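See below for the structure under consideration.
The values are calculated or read from the model by the stated rules, or taken from the named source; none is laboratory data. Keep in mind the model is a prediction, meaning the values are calculated, not measured. A quick note on method: Cβ atoms are made from the backbone with ideal geometry, for glycine too, and the neighbour counts reach across all protein chains shown.
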Amino acid sequence: MNVKSIAILILLSSSLLLAGCNDDGLDALSVEIPEGYALSAGTSTNFLNSSVAYDAEASWVSGEYLTRFVRGDRLYDDVRTSANSDGGGLGPVYAGYSCGSCHRNAGRTRPGTWEGSGDYGFSAMLVYITRKNGAQFRDYGRVLHDQSIYGVQAEGKLKVDWHFEQFSFPDGEPYELARPEYTITDWYADEIAPEDLFCTVRVPLRHVGMGQMMALDPNEIEQLAAQSNYPEWGISGRCNYITERGVRQLGLSGNKAQHADLTVELGFSSDMGVTNSRYPEEICEGQIQMSQGSMMGLTYDQLDISTEDMENVDLYMQSLSVPARRDINDPQVRKGEAAFYEAGCHLCHVTTLHTRPRGSVLLAGTQLPWLGNQTIHPYSDFLLHDMGEGLNDNYPSGLAAGNEWRTTPLWGIGLQERVNGHTYFLHDGRARNFVEAIMWHGGEGEASKNKFKNMTSDKRQALVRFLQSL
């Protein structure tokens, strides 16, 4: 048993037994919960408040699964190298040198967009590029790889200029929004004219509740889509459907619900340049970086990672526990929760969902039945919503248009600062705090934003305090 497991058991041993429904509407569960906490993910809930709150295994992980969890954890975090050996295979170009390089502690590594303009070194971001007609660039593909191994040229570098706008709430309290302007420099091939380029930046997603998301009952999500029509709020969510491995499926993961799985294989390939059975070609196939890599001693006649290892990473991600809500009886938190409902936030950030009976299935067929039949509280409907022109990135994904985004699950979000040392939110990290994230809402979020905007300062602060309790 590792340190994380021991920490959870210590907390559980000093806890109180919850029986029946409490005032927050939690389902009756025979689970020991420390005073002041509330379950988030059924038997996969943890009660940690430290920097590893996103990075602890669920209590049901034991035996062979714990062994595989530890292996997956190591593969997730260990720095890969360019050597053709175990732990190698990085590059020649890449965006991250390990999963953990962008998802520190299974969270969101501080994005490089706020370090100033120009070359930041490692950026912890993904940069998607397309022509304005939607086509990809022949010499680049869908992702601009801004990192490279020694002796190899990166595909380009991102430059960010920030434009700041001052606003005031009706009661006179000021706030500011920051709008990024992206340009790309140091193209390795022919420079692409800005007038022919769409560029969108994605900071890492928090890997909280990945197993529960993969175990969601798709019928419940589709039913939410059929019922989530609130004309008085201007809200009408819809599903994204993705065809992967020749099968049309409900999209759940990613900023636009553009994937039906956790994209472990795609992440190794596209983000790190690590070839595997699903993506056996180098991401820079046909580019000059291949010959540059050869000159550095790289060979390209073997896969860089096995399917077994990738499934262990998948198991690690799906077996992570979810932080419980904290301070649930704090008067300020309860006032903020009421404001959350008053603003209609719960119409998209749905509080309660359920997992299907059989749980989830990993990429190579291993089943995780412990994730089945759980009542969970992700604060998301996992549907697409029009978020307005202010957040339109002109990058369609599956059925999702540029202005459509999957509702972000909010569970664990109040611990992001403790886990990762920052409070940057939204798809590109432009929001520096909860208030800015709310005030960027447009489209289907416009009515809720205006409700928040017209609240008293005390009530706005209480709503933020509620988000910090999640």
| Can you tell me which residues in region 190-231 are in a strand (DSSP E or B), touching a residue at least 60 places away in the same chain (Cβ under 8 Å) and not aromatic (Phe, Trp, Tyr)? | LEU197, CYS199, THR200, VAL201, ARG202, LEU216
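So which of LEU391, LEU371, LEU384, LEU415 ends up being touching a helix residue (DSSP H, G or I) at 6+ places or on another chain (Cβ under 7 Å) and among the aliphatic types (A, V, I, L, M)? Outline the logic, then answer.
Details: LEU391 fails: touching a helix residue (DSSP H, G or I) at 6+ places or on another chain (Cβ under 7 Å); LEU384 fails: touching a helix residue (DSSP H, G or I) at 6+ places or on another chain (Cβ under 7 Å); LEU415 fails: touching a helix residue (DSSP H, G or I) at 6+ places or on another chain (Cβ under 7 Å).
Sole residue among the options that is touching a helix residue (DSSP H, G or I) at 6+ places or on another chain (Cβ under 7 Å) and among the aliphatic types (A, V, I, L, M): LEU371.
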| message | Tell me yes or no: at least one residue of region 98-118 is touching a helix residue (DSSP H, G or I) at 6+ places or on another chain (Cβ under 8 Å), part of a strand (DSSP E or B), surrounded by fewer than 18 Cβ atoms within 10 Å (Cβ to Cβ) and charged (D, E, K, R). | response | no
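Can you say whether ILE221 is crowded, with 19+ Cβ neighbours inside 10 Å, among the β-branched types (Val, Ile, Thr) and in the same structural domain as TYR379 (by TED's automatic domain parsing), as far as the supplied structure shows?
yes
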| message | Can you find, within region 300-339, the residue that is farthest from ALA215 (Cα to Cα) among those that are in contact with a helix residue (DSSP H, G or I) (Cβ under 9 Å, 6 or more places away or on another chain) and in a loop (DSSP other than H, G, I, E, B)? | response | TYR300
| query | Can you name the residue in region 363-395 that is under 10 Å from LEU353 (Cα atoms), under 19 Å from the mean Cα position of the chain (by Cα) and not aromatic (Phe, Trp, Tyr) and, of all such residues, is surrounded by the most Cβ atoms within 10 Å (Cβ to Cβ)? | reply | HIS377
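Here is a check on your reading of the model: is ALA226 within 30 Å of LYS449 (Cα to Cα) and among the hydrophobic types (A, V, I, L, M, F, W, C)?
Working: within 30 Å of LYS449 (Cα to Cα): yes; among the hydrophobic types (A, V, I, L, M, F, W, C): yes.
Answer is yes for this residue.
Say whether the condition of being of a type in the set (Ser, Thr, Tyr), within 17 Å of ARG202 (Cβ to Cβ) and either touching a Leu at 6+ places or on another chain (Cβ under 7 Å) or surrounded by 21 or more Cβ atoms within 10 Å (Cβ to Cβ) (or both) is met by at least one residue in region 75-91.
Here is the first cut: in region 75-91, the ones of a type in the set (Ser, Thr, Tyr) are 76, 81-82, 85.
Subsequent filtering for residues that are within 17 Å of ARG202 (Cβ to Cβ) retains none.
Checking region 75-91: not a single residue is of a type in the set (Ser, Thr, Tyr), within 17 Å of ARG202 (Cβ to Cβ) and either touching a Leu at 6+ places or on another chain (Cβ under 7 Å) or surrounded by 21 or more Cβ atoms within 10 Å (Cβ to Cβ) (or both).
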| message | ALA189 - would you say it is modelled with pLDDT under 95, over 30 Å from ALA58 (Cβ atoms), exposed (fewer than 12 other Cβ atoms within 10 Å of the Cβ) and aliphatic (A, V, I, L, M)? | response | no
